[in-house]
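In what follows, a structure is listed as structure tokens, so that the remarks can point back to it.
The values are calculated or read from the model by the stated rules, or taken from the named source; none is laboratory data. Every value quoted in this text rests on a predicted model; they were computed, and no experiment measured them. For neighbour counting, all protein chains shown are included, and Cβ atoms are generated from backbone atoms with ideal geometry for every residue, glycine included.
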Amino acid sequence: MKTLSVLKIAAGLLTVSILSSCGGGGGGSSSTTPSAPDIVKYPYETVFGDVCMTSQPTPGCTFSRATGQRITVSADPTYDSQGFGSDDMWYVKFDSSGHAQVYDDLGNFQYNANPSQFAGYISGSTIGVGVTGFFWENVSSKTYWFGKNGVLYSANTSAANFGQAINNKNAGKSSNVDSLTIKSDKNKALIKAGADKLVKQYGLSSEKAVAVASALNSWAVMGAERGKVTTQDMDKTFKTVFGVQFNEALAAFKDFQTGDMTGARELTNRSATALGLKPDQAQAFVKGMYKGAIEKMGYKVSDIKW
């Protein structure tokens with residue numbers, strides 16, 4: 001049997017191929033997750049990790065997918081368009097009351113504006129990204145470069161975010177997307193179908209099957225809506241699905257690579273107890289959850305024994 005890479009298995013765990021074994025992914029649109037060429041073509045993401053289908057920064061799409069960091073003014077199409085860097089851009093000056101005056105690249109006044117007229121308006125004189133307030137900014141008495149697509153970049157030299165984009169046109173619409181999707185009738189139907197399949201294929205009780213299907217479905221929704229999932233998401237999902245901690249499973253399979261199956265067997269027995277299965281059912285369940293990822297790597301599930 002070929003030596004299986006633990007890291008490859010871990011990376012493949014709970015991916016679309018594994019989720020499909022539970023009857024489908026989440027209610028979010030999986031088309032928002034880009035292939036490798038798309039990452040080059042669409043280099044931006046939101047603060048939530050959602051993929052932005054744009055090759056230029058726009059309000060809301062102001063984080064680099066390559067680094068996860070907020071982009072700076074130099075990424076704007078109008079930056080240095082005439083060879084003068086940020087001096088080629090329009091800019092906005094907010095007074096102490098939050099009212100704005102907009103100027104062109106030559107410093108000529110163009111028009112007055114209120115904060116509510118800019119993308120990412122929150123309330124009062126606050127403009128920003130997201131729903132937590134972490135990326136919100138009080139723009140009173142501050143100055144910003146005004147990008148081609150309406151992005152505001154901090155022009156305040158003493159500010160920690162000098163040069164960075166601040167606003168997001170969908171800031172007020174980004175909260176609770178995951179929970180709303182998960183609670184939708186369409187998604188409930190997906191969870192039921194997945195749970196029914198788990199009961200029939202692996203012998204899980206209806207209660208356990210619904211819990212597992214819901215966890216996998218939530219994972220899929222988070223991946224589709226945010227474009228990525230966190231280590232915390234992985235740990236929580238793994239615990240619900242297999243009844244053991246992810247780091248314990250990883251350690252057991254590292255031993256498994258060396259030919260020591262003791263940890264894998266012990267963990268499978270604990271998983272069986274947590275899920276209300278017999279050990280052989282639990283082993284079949286684990287293999288089933290890994291099946292898609294393992295087969296995509298060119299291995300046969302029947303070759304995996306412990």
Task: K192 vs. criteria assigned by TED's automatic domain parsing to the domain that holds D280 and modelled with pLDDT under 70 - done: no
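Does K228 qualify as being in the same structural domain as R70 (by TED's automatic domain parsing), in contact with a Gly (Cβ under 7 Å, 6 or more places away or on another chain), closer than 25 Å to M53 by Cα and modelled with pLDDT under 70?
Values: in the same structural domain as R70 (by TED's automatic domain parsing): no; in contact with a Gly (Cβ under 7 Å, 6 or more places away or on another chain): yes; closer than 25 Å to M53 by Cα: yes; modelled with pLDDT under 70: yes.
No; evaluated as a whole, the condition is false for this residue.
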Open item on the list: Anything in the range 30-48 that is in contact with a strand residue (DSSP E or B) (Cβ under 8 Å, 6 or more places away or on another chain), part of a loop (DSSP other than H, G, I, E, B) and at pLDDT below 80? List them, or say none.
Closed with: T33, P34, Y42, T46, V47
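Kindly evaluate G68 against the criterion of being under 16 Å from A165 (Cα atoms) and either modelled with pLDDT under 95 or surrounded by 12 or more Cβ atoms within 10 Å (Cβ to Cβ) (or both). First the steps, then the outcome.
Working: under 16 Å from A165 (Cα atoms): yes; either modelled with pLDDT under 95 or surrounded by 12 or more Cβ atoms within 10 Å (Cβ to Cβ) (or both): yes.
Here the answer is yes, as G68 does meet what is asked.
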Open item on the list: When the residues of the range 249-270 are narrowed to those that are of a type in the set (G, A, S) and in a helix (DSSP H, G or I), which ends up nearest to Q283 (Cα to Cα)?
Closed with: A264
Task: Q232 being free of Cβ contacts under 8 Å to residues at least 24 places away in the same chain and surrounded by fewer than 16 Cβ atoms within 10 Å (Cβ to Cβ) - done: yes
Task: L106 being outside any strand (DSSP E or B), at pLDDT below 90 and over 20 Å from the mean Cα position of the chain (by Cα) - done: no
TODO: Run down Q164, Q117 and say which single residue is assigned by TED's automatic domain parsing to the domain that holds I71, over 21 Å from I71 (Cα atoms) and of a type outside the set (G, A, S).
DONE: Q117
Open item on the list: I'm checking my understanding of the structure. Among residues of the range 49-92 that are in contact (Cβ under 8 Å) with a residue 40 or more places away in the chain and at positive phi, which one is farthest from the chain's Cα centre (by Cα)?
Closed with: G60
Task: Extreme residue, modelled with the highest pLDDT, among residues of the range 152-189 that are touching a helix residue (DSSP H, G or I) at 6+ places or on another chain (Cβ under 7 Å) and more than 30 Å from G85 (Cβ to Cβ) - done: N187
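Do we have A274 as assigned to a helix (DSSP H, G or I) and more than 24 Å from K200 (Cα to Cα) here? Can you show your working first?
Working: assigned to a helix (DSSP H, G or I): yes; more than 24 Å from K200 (Cα to Cα): no.
Spelling it out, it is not the case that A274 is assigned to a helix (DSSP H, G or I) and more than 24 Å from K200 (Cα to Cα).
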Open item on the list: Please pick out the residue among F146, F94, F135 that is closer than 22 Å to Q56 by Cβ, at pLDDT 95 or above, out of contact with any Cys (no Cβ under 8 Å at 6 or more places or on another chain) and not assigned by TED's automatic domain parsing to the domain that holds W219.
Closed with: F146
- [ ] Please go through the range 269-281 and pick out each residue that is closer than 17 Å to D303 by Cα and either surrounded by 19 or more Cβ atoms within 10 Å (Cβ to Cβ) or among the aliphatic types (A, V, I, L, M) (or both).
- [x] none
